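Please treat every number below as a calculation from the coordinates, not as lab data. Bear in mind that the values here come from a model prediction, so they are computed numbers and not experimental data. Note that each Cβ is placed from the backbone with ideal geometry, even for glycine, and that neighbours are counted across all protein chains shown.
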Amino acid sequence: MLVLSALCLAVSSTAAQAPRQTATHAIIPVPRSIRLTVGERFRIEPRSIVVVDGDAPAEVHRIGTELSRLLGLGARRDARRLAPGEAPPAGSIHLRLAPSAASLGAEGYELRVGAERVSISARDPAGLFYGVQTLRQLMPAAVEHAAAIGRGLWIAGATVDDVPRYEWRGMMLDVSRHFLPIEDVKRFIDYLALYKLNRLHLHLSDDQGWRLEIKSWPNLARHGGSTQVGGGAGGFYTQEEFAELVAYATERYVTIVPEFDMPGHTNAALASYPELNCDDKAPALYTGTRVGFSALCVGRDTVYRFVEDLVREVAALVPTPYFHIGGDEVERLTDEQYRRFVERVEAIVRRHGKRMIGWGEIAPASLNASTIVQHWKNDRAQLHTARGGKVILSPSSRIYLDMKYDSGTVLGLKWAGLIPLRHAYDWEPSTFRPNIGDDAILGVEGPLWSETVVRREEFEYLAFPRLLAVAELGWSTRERRRWDDFRRRLGVHGERLTAIGVNFYRSPDVDWR
Ligand code: TNX
């Protein structure tokens, strides 16, 4: 048995036959179609170079240059533009836009690795970016180490034709319960990109902390952001930092989805501004973990001025189409008060040109069909599909990344059950909920609530490897997903996750490398 890092050549023999070679790959998420061509590997050598077409947009050139850096191609670090009519030379990796490849959609790509040349083509730059991620995974994990520069790298020979199943492939980070510095959030964006996840939903406010500077309501961050669960120092992102984060995410084809939870989960805001409370008294900051006790004074005009200012500032700062209003677990309002609030806020969000998203609880309000409902528990998200609306699936019993793996897990919660790796992987979105079929499903998202996790390493421990199950649920077709095959491929990723510095849980379901 010859075991290579990115490619396994399993040599099997039976008594009657000569040894037979079956080549397997370890790509996560598994591509729509992949054929390995054993014996055709492309070696990274001093002559290797990344090339793009002469008229390629700057974005494509940037993707090429990033790849070139990853490969450690020394002086040839920038991608080279081909001269008009010049064919990609031997030893080149060619990134090419093929506008006519309509069937590849906005994110699909075709990849061909031969001994002489590599080519990736896609209709759009995002597809080239995803082709590059597949290329990374066809190389030994050593490519992820800066120290690999000068080592003999190679790419497994392959022909890949790949498109995602869903347009929404996400993760949520709760930076309210425990604050994560911007550098840590960037690390998560890097991880998402490698596994072709394209949404990072940030839960930016809750009872315990307000995490984004709002210039028209400065006390939200200054006071409301000054603590966290357990009473630590908390923190918040300035608008400059946040703009930089959005730019960082955009370069990696990750859309930031900002959430400001309301009308409940608002103690940090209520503590910062007395006028948001019906009795005009600001409560103390909160550092516990109960839910449901807070609510904005929804009958007051001031509250809608607050929402208006918030949406305006965030819409200007985050050039992505979504604004998530939370809307979960409100115990202090009547159903009628709650629904009217959601409807008024939806009008504000729409006026600012954004698509509203809310947790399942918002579905009974009379919503616009462009609004998105995020299913998480036994909610009524299906009311929204009946009006033609789209749903994101985040079932807590399957992909709440903050649930414990098993009864021995110290971090995490268990109200939605224990979620071992296989349980997170082995389910089918299109049949998961009655009346929420594939045509209504925008995609899947794994939320990571942070009541019990403080440092980046702890966030990572709960997220990995279950986030890779979410990545495959979101990208790969139902027919291509098989638990046994996933666990085998995942084992190979142990080395890669270690190389990029992820503190992952060594699930006993997997034979880790
Ligand atoms: C429920 S999920 C919540 C969060 C908690 C989480 C803990 C949702 C919309 N609300 O406020 O952090 O459970 O698992």
If one computes the Cα centroid of the stretch 322-358 and of the stretch 208-247, what distance in Å separates the two points?
22
Over the stretch 218-339: Kirkwood hydrodynamic radius from C-alpha pairwise inverse distances, Å:
15.6
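With viscosity set to 1.002 mPa s at 20 °C, what whole-number translational diffusion coefficient in µm²/s follows for the stretch 362-513 from Stokes-Einstein and a Kirkwood radius over Cα pairs?
132
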Cα-projected label distance for Glu167 with Leu413, points at 7 Å along beta-carbon direction, nm:
3.1
Got a sec? Charge dipole of the chain, +1 on Cβ for Lys and Arg, -1 for Asp and Glu; which of Gly152, Gly127, Phe293 is way out at the positive end?
Gly152
The ratio Rg/Rh over the Cα atoms of the stretch 174-226, Rh being the Kirkwood inverse mean 1/r radius, stands at 1.06
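I want the antiparallel fraction of DSSP beta bridges within the stretch 18-146, as a percent rounded to 5.
Numbers: 4 of 15 bridges.
That works out to approximately 25 percent antiparallel.
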Please give the charge dipole size of the chain, origin at the Cα centre, charges +1 on K and R Cβ atoms and -1 on D and E Cβ atoms. Round to the nearest 20 debye.
1340
Dividing the convex hull volume of the alpha carbon atoms of the chain by its residue count, what do you get in Å³ per residue?
155
Pairwise centroid distance, computed over Cα atoms, of the stretch 385-403 with the stretch 84-110, Å
36
Estimated FRET transfer efficiency (Ser216, Asp190; beta-carbon r; R0 35 Å; 0.05):
0.60
Rounded to whole Hz, the Karplus (6.51, -1.76, 1.60) HN-Hα couplings of the stretch 44-51, x for glycine and proline:
7, 10, x, 7, 4, 7, 9, 10
Explain nothing, just the number: dipole magnitude of the stretch 406-481 about its Cα centre with +1 on each Lys and Arg Cβ and -1 on each Asp and Glu Cβ, in debye rounded to the nearest 20.
100
Here the FRET efficiency for Cys278 versus Ala58, based on Cβ atoms and R0 = 45 Å and rounded to 0.05, is 0.25
Measure nothing but the geometry: give the 0 to 90° angle between the long axis through the Cα atoms of 125-137 and the longest principal axis through the Cα atoms of the chain, rounded to 10°.
60
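Placing unit charges on C-beta atoms (Lys and Arg positive, Asp and Glu negative, everything else neutral), compute the dipole magnitude of the stretch 103-247 about its Cα centre in debye, rounded to 20.
Value, rounded to 20: 180 debye.
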Given the candidates Phe464, Pro395, Val454, the one whose Cα lies deepest towards the positive end of the charge dipole of the stretch 391-471, counting +1 at each Lys or Arg C-beta and -1 at each Asp or Glu C-beta, is Val454
Return the whole-Å distance between the Cα centroid of the stretch 414-435 and the Cα centroid of the stretch 256-287.
33
What fraction of the Cα pairs in the stretch 262-421, stated in percent, has a spacing above 29 angstrom?
24
Note, the stretch 477-488: 3J(HN,Hα) by Karplus (6.51, -1.76, 1.60, θ = phi - 60°), whole Hz, Gly/Pro = x, goes 6, 4, 5, 7, 7, 9, 4, 4, 6, 4, 5, 5
What is the pair-distance distribution P(r) of the stretch 341-394, computed from all Cα-Cα distances in 10 Å bins starting at 0, with each bin given as a whole percent?
30, 56, 14, 0
Let me know the number of lysine pairs in the chain closer than 22 Å at the Cα, not counting same-chain pairs under 8 apart.
8
Under the rule of at least 5 residues apart or a separate chain, name every residue whose amide H is placed under 5 Å from the amide H of Tyr505.
Phe464
Of the options Leu245, Ala106, Leu71, report the single residue whose Cα projects farthest towards the positive end of the charge dipole of the chain (beta-carbon charges: Lys, Arg +1; Asp, Glu -1).
Leu71
Of all beta bridges DSSP finds with both residues in the chain, what is the antiparallel percent, to the nearest 5?
35
Sorted by chain and number, the residues with a modelled amide H under 5 Å from that of Arg355, at a separation of 5 or more or across chains, are Tyr322, Phe323
Which GluC sites (Glu not before Pro) in the stretch 310-348 sit in a loop by DSSP (not H, G, I, E or B) and have at most 14 other Cβ atoms within 10 Å of their own Cβ?
Glu331
